[in-house]
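Chemist: Have a look at this one before I ask anything.
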Amino acid sequence: MSGLTYTMLDTAKLSTAEVYGQALCELGAEHPEIVGLSADLAKSTKIGLFGERFPERFFNLGIAEQNLFGVAAGMAKAGLVPFVSTFAVFTAMRGLDQVHTDICYQGLDVKMIATHAGLSFGQAGSTHHCTEDLAIMRSMAGLTVLAPADGLETALAVRAAYERKGPVYIRINRGFDQRVYEGAHPGFEIGKAVTLRDGGDITIVACGATVWRAMEAAKVLAAEGLEARVLDMHTIKPLDEEAVLRAVRETRRILTVEDHNVVGGLGSAVAEVAAGSGLSFSFKRLGVPDCYSIIGLHEDLMAHYGYDENGIAAAVREIMGRDFEADENWDDEV
Amino acid sequence: MSDDAYAARIFLRSALPLLPLVVEARPGLARGFAGSRAVFQVSARLSADPGLREAELRILGDCCRGADPAAPRAGTHFLVGGGPGSEAPASGGAGTALRAAGTAPAAEAAAEPPLLKTVPGLHPAPELELEFGDLAALDAFFRGRPKGLPKIRGALRGPGLFLSVLRSLLAMGALLGAKEPPAEPGEAALVTRLYLSLLSSGISGLNKAGHPEAAAWARKSPDRVYAWEVEGRPELGAYVRVKAGNSRSARGPWLRSRPFFAMRFDSPASALGVLLEKDDMIAATAEGRLSMLGAPEYGAALGELMKLVGRYAK
């Protein structure tokens, strides 16, 4: 299957999932209790890099995802820290019972790295898309859910996941992500969003692959005179409620963007917090519009469903034109 | 000619409405109006030339409300004690009951007319009226360079009201015409409040009047609030909200969100230093007496509009 839409020059700048594999190798070198598990997808998910470095600590369970997570749970019970890597669609659905009962219910120290999330494997078809995982994993009690924006943030998320006791779900793409953090990361902390850009007109809350797109949209909008704040909400659970409430108070308009169904994911999480504030605000969710995606390349699918940079900019323009109810008194106070 | 109309709009719609604030802050002035039920008005006749008159009507907007179409004028009137015919409640009325229940603000709203209330436009039968021959004469008077006195109607019938109005206008003129910031903190706070209210109302008024610079700024704007703030003294501030050509000015803080841009002074003294051009704005910013909260290019645009109001209202 072809899926490379970038030139040789682009690949020099793109952050790949290999960063995750490298980060895991570094972590594995520091901590001998770390083990890697895969369901015959080591090459695709890049955990194979860990396997090459530490073959005695890497286990391929074959195409048997339920067993994969069951074994991971057993290893965690024995004092190891398993990093389990497979596609997001298999983690969130095929192995969900084991994730729920064996791992989350028992609060075990298992780190699930779910790759090819969202529509990033668009050309593989709907069986390999995963636009439900954030909704599912958000509802697993005790599970930390991360959606890093690029390779650097993924590496930091992997390290933060190791340091956080209990189960962690990290959602990443197929590997060909645009780089959001060109230089150093301002500081990765689970549960704390990163304000990539400040602005007073509207807040765009994005996660994963859509963060770069939100920043591109913000640049376009700035040229038109609209100042958008962009939040990299890399932690879906626990959500940075303070950042959301600050956005409601200070900008009164929120647009969420995710490579996920609009139902149950980042948008829903933000709405839950914002609605609880008691303040009036304008709100819109961008993502896959509660349907099974058509087949295509990731960038084309995001454009098709209106959550690429152009879709984000158009949504912002639409929100800026909305009126707040009972707020149209234009008489000067005397 | 348009400049006369724009200036008149600022005096009628932005400066004169500050009178109740001055009276409220000065008990001596307030006593002069206490117990009265009357209307006094400041007005000016519009141009006899139909073309100029049309432009003046457009610029002055609701200041011309209630005018005789045959001899249009522009003005602002004030209801003293709610105006004639309004009665203060006898004891035992709704206001008393609400006060007893502890809901004092509701009691105030329900029962007590304000001592002085500004109403844009013309009243059909004011007890006292100061009428200027044209807009230029009104402008000159309020700029402190009168070209003659206005026609005064009702001074002899109600000398008490006339004297109270005259004293209040003189007091307001002294405050707004101050060349130096007052030393007394209460006075400095009052002048700050007057100036910031004047600026926000002036900018919004010029937009509503269709002034090219102000209207272009407002027309392009998404829903934004520009605020002037004094640290620790929210009651002294003011703001103007703009959206796609509409604008609204108001006193006090904008509470519904963070303003898109705010000019924040660390004290009334700092505010007056900048507003009376005694202090260099850049030095004030560098030394922390003035903070610009928001992108500087928006501050620059706001600064230009503030200067525009200042040019008309000087």
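The values are calculated or read from the model by the stated rules, or taken from the named source; none is laboratory data. What you see is a predicted model; the values in this text were computed from it and never measured. Note: ideal-geometry Cβ built from the backbone for every residue, glycine included; neighbour counts use all protein chains shown. Accessible surface is based on the protein model in full, side chains and every heavy atom, while ligands, DNA and RNA are left aside. Shrake-Rupley method; radii C 1.70, N 1.55, O 1.52, S 1.80 Å.
Chemist: Please give the contour-minus-distance gain from B:Ser86 to B:Ala174: 0.36 nm per residue of separation, less the Cα-Cα distance, rounded to one decimal in nm.
Modeler: On the way: separation 88, 0.36 × 88 = 31.68 nm, distance 3.18 nm.
The span from B:Ser86 to B:Ala174 would gain 28.5 nm if fully extended.
Chemist: Testing the spin-label approximation: label points 7 Å from Cα along Cα→Cβ at A:Glu18 and B:Arg153. State their distance in nm.
Modeler: Placing both labels 7 Å beyond Cα along the Cβ direction yields 9.0 nm.
Chemist: What whole-number value in Å² describes the accessible area per residue of chain B for a 1.4 Å probe?
Modeler: Numbers: 13850 Å² over 314 residues.
Averaged over the residues of chain B, the accessible area is 44 Å².
Chemist: Comparing the chain by itself with all protein chains present, which residues of segment B:218-238 are at least 40 Å² less accessible (probe 1.4 Å)?
Modeler: For segment B:218-238, once contacts with the other chains are taken into account, B:Pro222, B:Asp223 lose 40 Å² or more.
Chemist: Further question on the same structure: Could you name every residue in segment A:238-286 that has 20 Å² or more less accessible surface in the full protein assembly than in its own chain alone (probe 1.4 Å, ligands and nucleic acids excluded)?
Modeler: SASA drop of 20 Å² or more in segment A:238-286: A:Arg249, A:Glu250, A:Arg252, A:Arg253.
Chemist: Which residue, B:Tyr298, B:Tyr226, B:Tyr195, has the most motion in a Gaussian network model of chain B that connects Cα atoms within less than 10 Å?
Modeler: B:Tyr298
Chemist: Hey, another quick one. With angles folded into 0 to 90 degrees, how steeply does helix A:210-223 sit against the dominant principal axis of chain A? Use alpha carbons for both and round to 10.
Modeler: 20
Chemist: May I ask you to derive the FRET efficiency for B:Arg65 and B:Lys220 from their Cβ-Cβ distance with R0 = 35 Å, giving the value to the nearest 0.05?
Modeler: On the way: r = 29 Å, r/R0 = 0.83.
The calculated FRET efficiency here is 0.75.
Chemist: Also: Above 15 Å lies some portion of the pair distances; for segment B:248-310, what is it as a whole percent of all C-alpha pairs?
Modeler: Numbers: 1105 of 1953 pairs.
Of the Cα pairs, 57 percent sit more than 15 Å apart.
Chemist: Considering segment A:24-159, what Rg and Dmax in Å follow from its alpha-carbon atoms?
Modeler: So, for segment A:24-159, Rg and Dmax equal 13.9, 40 Å respectively.
Chemist: While we're on this one: B:Ala283 to B:Lys314: FRET efficiency via 1/(1 + (r/R0)^6), r the Cβ-Cβ distance, R0 25 Å, to the nearest 0.05?
Modeler: Working: r = 23 Å, r/R0 = 0.91.
Efficiency computed from Cβ-Cβ geometry: 0.65.
Chemist: Could you pull out the trypsin sites (Lys or Arg not before Pro) across segment B:168-271 that fall in loop regions by DSSP (anything but H, G, I, E, B) with no more than 15 other Cβ atoms inside 10 Å?
Modeler: Details: sites: B:Lys179, B:Arg193, B:Lys208, B:Arg219, B:Lys220, B:Arg224, B:Arg241, B:Lys243, B:Arg248, B:Arg251, B:Arg256, B:Arg264; in loops: B:Lys179, B:Lys220, B:Arg256.
Within segment B:168-271, the qualifying trypsin sites (Lys or Arg not before Pro) (loop, at most 15 other Cβ atoms within 10 Å) are B:Lys179, B:Lys220, B:Arg256.
Chemist: Which shape class, rounded, prolate or oblate, goes with segment A:91-196 when its Cα gyration tensor gives a ≥ b ≥ c as root eigenvalues, a/c under 1.5 marks rounded, and past that a/b bigger than b/c marks prolate?
Modeler: Details: a/c = 2.30, a/b = 1.15, b/c = 2.01.
Oblate.
Chemist: If all Cα-Cα distances of segment A:227-302 are sorted into 10 Å bins from 0 onward, what percent lands in each bin, rounded to whole numbers?
Modeler: 18, 49, 26, 8, 0
Chemist: Compute the distance from the alpha-carbon center of segment A:114-170 to that of segment B:21-90, in whole Å.
Modeler: Here the answer is 66 Å between Cα centres.
Chemist: Label segment B:114-218 by shape, choosing from rounded, prolate and oblate, from the square roots a ≥ b ≥ c of the eigenvalues of the Cα gyration tensor; if a/c is under 1.5 it is rounded, and otherwise prolate applies when a/b is larger than b/c, oblate when it is not. Intermediate values should be presented prior to the final figure.
Modeler: Numbers: a/c = 1.73, a/b = 1.20, b/c = 1.45.
Here segment B:114-218 falls in the oblate category.
Chemist: Right, here's the next one. Give me log10 I(q)/I(0) at q = 0.07, 0.11 Å⁻¹ for chain A, Debye formula, one equal scatterer per alpha-carbon, no solvent.
Modeler: Here the Debye-derived log intensity ratios amount to -0.28, -0.66.
Chemist: Hey, in the GNM for chain B with a 10 angstrom Cα cutoff, which one of B:Ser257, B:Ser291, B:Ser221 fluctuates hardest?
Modeler: B:Ser257
Chemist: Within the set B:Lys147/B:Lys314; B:Lys220/B:Lys278; A:Lys43/A:Lys77, which residue pairs have Cα atoms separated by over 21 Å? Walk me through the intermediate numbers first.
Modeler: Details: B:Lys147/B:Lys314 16 Å; B:Lys220/B:Lys278 33 Å; A:Lys43/A:Lys77 27 Å.
Exceeds cut-off: B:Lys220/B:Lys278; A:Lys43/A:Lys77.
Chemist: Moving on. If you add up the charges near A:Gly151, with Lys and Arg at +1 and Asp and Glu at -1, over every other residue whose beta carbon is less than 10 angstrom from its beta carbon, what do you get?
Modeler: Here the charged neighbours net out to -3.
Chemist: Right, something else. Under a Cβ-Cβ cut-off of 12 Å, what is the net charge of the residues other than B:Cys63 that fall near it, where Lys and Arg count +1 and Asp and Glu count -1?
Modeler: +3
Chemist: Toward the positive end of the charge dipole of the protein assembly as shown, about the Cα centre and with charges on Cβ (Lys, Arg +1; Asp, Glu -1), which of B:Phe33, B:Leu149, A:Leu156 goes farthest?
Modeler: With unit charges placed on the Cβ atoms, the residue in question is B:Leu149.
Chemist: May I ask you to give the percent of accessible area on segment A:205-263 that is carbon plus sulfur, with a probe radius of 1.4 Å? Mind showing how you got there, number by number?
Modeler: Values: 820 of 1480 Å².
Ligands and nucleic acids excluded, carbon and sulfur give 55 percent.
Chemist: How well do other chains shield peptide B:112-121, expressed as the mean number of their Cβ atoms within 10 Å of each residue Cβ? Please report the intermediate quantities before stating the final value.
Modeler: Working: counts 0, 0, 0, 0, 0, 1, 2, 1, 3, 0.
If you average over the peptide's residues, the count of other-chain Cβ atoms is 1.
Chemist: At a 1.4 Å probe radius, which order do A:Asp308, A:Asp331, B:Asp134 fall into by accessible area, largest first? Walk me through the numbers before you get to the answer.
Modeler: On the way: A:Asp308 20, A:Asp331 105, B:Asp134 70 Å².
Largest accessible area first, the list is A:Asp331, B:Asp134, A:Asp308.
Chemist: Taking a spot 7 Å from the Cα of A:Leu297 along the direction of its beta carbon, which residues of segment A:122-144 have an amide N less than 17 Å from it?
Modeler: The answer is A:122-125.
Chemist: Then there's this: Under the definition of Cα pairs under 8 Å and six or more residues apart, what whole-number percent is the relative contact order of chain A?
Modeler: 16
Chemist: Per 10 Å bin, what percent of the C-alpha pairs of the protein assembly as shown does each bin hold, from zero upward?
Modeler: 3, 14, 20, 17, 13, 11, 10, 8, 4, 1, 0
Chemist: Let me ask you something else. Looking at segment A:14-81, which GluC sites (Glu not before Pro) are in a loop (DSSP not H, G, I, E or B) and have at most 15 other Cβ atoms within 10 Å? Don't skip to the end; give the middle numbers.
Modeler: Numbers: sites: A:Glu18, A:Glu26, A:Glu30, A:Glu33, A:Glu52, A:Glu56, A:Glu65; in loops: A:Glu33.
When the GluC sites (Glu not before Pro) of segment A:14-81 are filtered for loop state and at most 15 Cβ neighbours within 10 Å, A:Glu33 remain.
Chemist: Within chain B, what whole-number % of the accessible surface is contributed by carbon and sulfur, with the 1.4 Å probe and all protein chains included in the calculation? All intermediate terms of the calculation are to be shown ahead of the outcome.
Modeler: Details: 8120 of 13850 Å².
For chain B, the apolar C and S fraction of the accessible surface comes to 59 percent.
Chemist: List, in the order given, every pair from A:Lys46/A:Lys284; B:Lys243/B:Lys307; B:Lys151/B:Lys179 whose Cα-Cα distance in the structure shown is over 27 Å. If you can, show how the numbers build up before the last one.
Modeler: Working: A:Lys46/A:Lys284 35 Å; B:Lys243/B:Lys307 21 Å; B:Lys151/B:Lys179 29 Å.
Check vs 27 Å cut-off fails for A:Lys46/A:Lys284; B:Lys151/B:Lys179.
Chemist: Over all residues in B:254-260, what is the mean tally of Cβ atoms on other chains that come within 10 Å of each residue's Cβ?
Modeler: Working: counts 0, 1, 7, 11, 6, 2, 6.
Taking all residues of B:254-260 together, the mean is 5.
Chemist: Here is a follow-up. What fraction of the Cα pairs in segment A:14-102, stated in percent, has a spacing above 22 angstrom? Display every interim value, and only then the final one.
Modeler: Numbers: 856 of 3916 pairs.
Roughly 22 percent, once rounded to a whole number.
Chemist: With the contact rule set at Cα under 8 Å and sequence spacing of 6 or more, what percent relative contact order holds for chain B? Before the final figure, lay out each step's value.
Modeler: On the way: 558 pairs, mean separation 55.6, N = 314.
The value is 18 percent.
Chemist: Let me ask something additional. In what sequence, largest accessible area first, do B:Phe141, A:Phe83 appear using a 1.4 Å probe?
Modeler: Numbers: B:Phe141 65, A:Phe83 0 Å².
Largest accessible area first, the list is B:Phe141, A:Phe83.
Chemist: Another question, if that's okay. Compute the distance in nm between two label points, each set 7 Å from the Cα along the Cα-to-Cβ direction, one at B:Ala183 and one at A:Asp290.
Modeler: 7.1
Chemist: Among B:Pro72, B:Pro17, B:Pro124, which one shows the biggest mean-square fluctuation in a GNM of chain B, springs joining Cα atoms closer than 10 Å?
Modeler: Residue with maximal mean-square fluctuation among B:Pro72, B:Pro17, B:Pro124: B:Pro124.
Chemist: For a label point 7 angstrom out from the Cα of A:Ala78 toward its Cβ, which stretches of segment A:46-70 have the backbone nitrogen within less than 12 Å?
Modeler: Under 12 Å, as judged by backbone N against the label point of A:Ala78, lie A:57-59 of segment A:46-70.
Chemist: Between A:Lys43 and B:Ala125, what is the label-point separation in nm under the 7 Å Cα-to-beta-carbon projection?
Modeler: Once both label points are built, they end up 9.9 nm from each other.
Chemist: What quantity of accessible surface, computed with a 1.4 Å probe and excluding non-protein components, is buried in total between chains B and A, in Å² to the nearest 100?
Modeler: Values: alone 14950 and 14020 Å², together 26720 Å².
Counting both chains, the buried surface is close to 2300 Å².
Chemist: Here's another thing I want to ask about it. At a cut-off of 30 Å², which residues of segment B:1-44 become less accessible once all protein chains are present than in their chain alone, using a 1.4 Å probe?
Modeler: B:Arg13
Chemist: Another question about this same structure. Which is the longest part of chain A that has none of the trypsin sites (Lys or Arg not before Pro) sitting in a DSSP loop with at most 12 other Cβ atoms within 10 Å? It would help to have the intermediate numbers written out before the result.
Modeler: Values: sites that count: A:Lys165, A:Arg322.
In short, A:1-164.
Chemist: Note the full-extension length gain between A:Thr127 and A:Glu318 as 0.36 nm times their separation in residues minus their Cα-Cα distance, in nm to one decimal.
Modeler: Between A:Thr127 and A:Glu318, full extension yields 65.4 nm more.
Chemist: Please work out the ratio of the alpha-carbon Rg of chain B to 2.2 N^0.38 Å and round it to two decimals.
Modeler: Ratio of Cα Rg to 2.2 N^0.38 Å: 1.03.
Chemist: Report the Stokes-Einstein translational diffusion coefficient (µm² s⁻¹, integer) for segment B:18-70, Rh taken as the Kirkwood radius over Cα pairs, at 25 °C with viscosity 0.890 mPa s. Let's see the in-between values first.
Modeler: On the way: Rh = 13.9 Å.
For these conditions, the coefficient is 176 µm²/s.
Chemist: Here's another thing I want to ask about it. Average partner chain C-beta neighbours within 10 Å, per residue of A:190-201? Please report the intermediate quantities before stating the final value.
Modeler: Numbers: counts 0, 0, 0, 0, 0, 0, 0, 0, 2, 3, 12, 4.
Average per residue, whole number: 2.
Chemist: Which GluC sites (Glu not before Pro) does segment A:145-187 hold that lie in a coil by DSSP with at most 10 other beta carbons within 10 Å? Kindly include the intermediate steps, with their values, before the conclusion.
Modeler: On the way: sites: A:Glu153, A:Glu163, A:Glu182; in loops: A:Glu182.
Here the sparse-neighbourhood loop sites are A:Glu182.
Chemist: Using a probe radius of 1.4 Å on heavy atoms only, what accessible surface per residue do you get for segment A:242-334? Whole Å² is fine.
Modeler: Values: 3910 Å² over 93 residues.
Value returned for segment A:242-334: 42 Å² of accessible area per residue.
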